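Report on the following structure.
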Amino acid sequence: MKKLSKKLNLAPTASLFLKVVIVAGLVGLWVYAFFFAPSGNPDRIENGEWIEKAELVCSQALDEISLLPLAKESRTPADRADVIAQGTRVLEKMKTNLIKLPLDSEKDKFNTVSWLSDWDTYLEDRRNHVKRLRELGDIQPLLTATDNGKSVMERMNGFARVNDLESCIDLGDF
């Protein structure tokens, strides 16, 4: 009988200990989240000068593209392909100019290299769309998907928005 009562007495102690550990863990988690965890978006570029220059590069590309006729108003798929190809060349030049902008931080370099890699994929999608328009006629563009099933364009645009690069958001011109 004594053994049974000892077991019963241990159960409330273990239960109390478990509750204290859980509460302490939750309190510790929130203290870390509010006072010690890094704040802000991890995709945010820290170099404000780079952001200003990148926005200028993208804005100049938008100005060039605005001089082109609207692809959606083209009479034939071949005409539409020509306009999209012209816009793609402008965007390729824009990307080349963005690559030339210097960055110091390894985090910023990693983020921009990833973003520009998405631009490579997007530009290839545009070139493929031009080719398909010329071969197959009026068809919808095919955009490369990321690992989570979104288009690479969504990820590119998300990075641009986080960094206030409104002129670097996809034009939606094809």
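The values are calculated or read from the model by the stated rules, or taken from the named source; none is laboratory data. All of these numbers come straight from a predicted model, not from anything done at the bench. Cβ placement follows ideal geometry from the backbone for every residue including glycine, while neighbour counts extend to all protein chains displayed. Only protein heavy atoms, including side chains, enter the accessible area calculation; ligands, DNA and RNA are left aside. Shrake-Rupley method; radii C 1.70, N 1.55, O 1.52, S 1.80 Å.
In table form, for the structure just shown:
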| quantity | calculated |
| --- | --- |
| Where a residue in the stretch 59-83 is within 23 Å of ALA160 (Cβ to Cβ) and its partner, wherever it lies, is part of a helix (DSSP H, G or I) and open to solvent by 40 Å² or more (accessible area, probe 1.4 Å), with Cβ under 8 Å and at least six apart | ALA61/LYS93; LEU68/GLN86; ALA71/ARG80; LYS72/ARG80 |
| So LEU91, is it within 13 Å of the chain's Cα centre (by Cα), open to solvent by less than 20 Å² (accessible area, probe 1.4 Å) and at pLDDT 95 or above | no |
| Unmet criterion (only one of (1) buried (at least 16 other Cβ atoms within 10 Å of the Cβ); (2) touching a residue at least 24 places away in the same chain (Cβ under 8 Å); (3) of a type in the set (Gly, Ala, Ser)) for SER105 | (1) |
| Within the stretch 130-174, considering residues that are touching a Cys at 6+ places or on another chain (Cβ under 7 Å) and closer than 15 Å to SER114 by Cα, the one surrounded by the most Cβ atoms within 10 Å (Cβ to Cβ) | CYS168 |
| Of the criteria (1) surrounded by fewer than 17 Cβ atoms within 10 Å (Cβ to Cβ); (2) within 20 Å of ASP170 (Cα to Cα); (3) touching a residue at least 12 places away in the same chain (Cβ under 8 Å), which one GLU52 fails | (3) |
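For every residue, the table says whether it meets (1) among the charged types (D, E, K, R); (2) within 18 Å of ALA54 (Cα to Cα).
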position: GLU73; (1), (2): yes, no
position: ALA78; (1), (2): no, no
position: LEU98; (1), (2): no, yes
position: SER117; (1), (2): no, yes
position: ASP120; (1), (2): yes, yes
position: LEU133; (1), (2): no, no
